[in-house]
Amino acid sequence: MAELAALEDPKARQVNEKHGDDHGVNLGKLRAVAKRLKTQQELACRLWATDDTAARLLAILICRPKAFGRDELDAMLRQARTPKVHDWLVNYVVKKNPHSEELRVAWFADPDPVVASAGWALTTERVAKKPEGLDLPGLLDVIEAEMKDAPERLQWAMNHCLAQIGIEHAELRTRAIAIGERLEVLKDYPTSPGCTSPFAPIWINEMVRRQHGK
């Protein structure tokens, strides 16, 4: 904890706080600490218990993803207050855990929009890698009905799923683009030069163009 406190950088904190993250540790330096520590499940659990954002990010990097039980991960997700901790927990831990599909289904229907956004993130992963068994037109129905008025974190996750369906599934692409155009979610989102807009119709067309350009 002392080492993490020593890595605190006011400029990094300023940037992170704009995104809702309450820590000031450069992520490159944090990854260097994790590389030195290697996998240490017990230490990871102790770091998580501190409730400190930088410590929790480090915990995620040094834990053993398959070692967590289903209820443990459910509790951890509900404790993950900041966007980066939530995002890393889903992507680096839950996706590699044997309970990920069970949690995907449970979280998808959760009344808490931040928890539900994790269910959508795991669903987006399946849309891309293992769509068998998913009701893709049904997902588009839900997105069409609910994305426009969804809270920000949930809206982002739904929008990513919409784009992924359009990118990966040619037979649903026209409908996915039409939904994006009608709802106009993230249409005016400021995008840096060289980056792809998160507005689904632009995102879908750009990724498809890149795939065909290979």
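The values are calculated or read from the model by the stated rules, or taken from the named source; none is laboratory data. Note that this is a predicted model, so its numbers are computed, not measured. Positions of Cβ are generated from backbone atoms using ideal geometry, with glycine treated the same way; all protein chains shown enter the neighbour counts. Heads up: the accessible areas ignore ligands, DNA and RNA and are worked out on the full protein's heavy atoms, side chains in. Shrake-Rupley method; radii C 1.70, N 1.55, O 1.52, S 1.80 Å.
What are the pairs with Cβ atoms under 9 angstrom where one residue, in region 165-181, is under 15 Å from M207 (Cβ atoms) and the other, located anywhere, is open to solvent by 40 Å² or more (accessible area, probe 1.4 Å) and of a type in the set (V, I, T)? Sequence gap at least six, or different chains. What qualifies is G166/T174; G180/I202.
Within region 193-214, the set of residues being open to solvent by 70 Å² or more (accessible area, probe 1.4 Å) and either among the charged types (D, E, K, R) or on the phi < 0 side of the Ramachandran plot (or both) comprises P193, C195, I202, N205, R209, R210, Q211, H212, K214.
Scan region 48-73 for residues that are of a type in the set (D, E, K, R) and over 16 Å from K96 (Cβ atoms) and jot them down.
The answer is D51, D52, R56, D71.
Taking the stated definitions as given, is D9 farther than 18 Å from K95 by Cα and either open to solvent by less than 10 Å² (accessible area, probe 1.4 Å) or under 22 Å from the mean Cα position of the chain (by Cα) (or both)? No, not satisfied.
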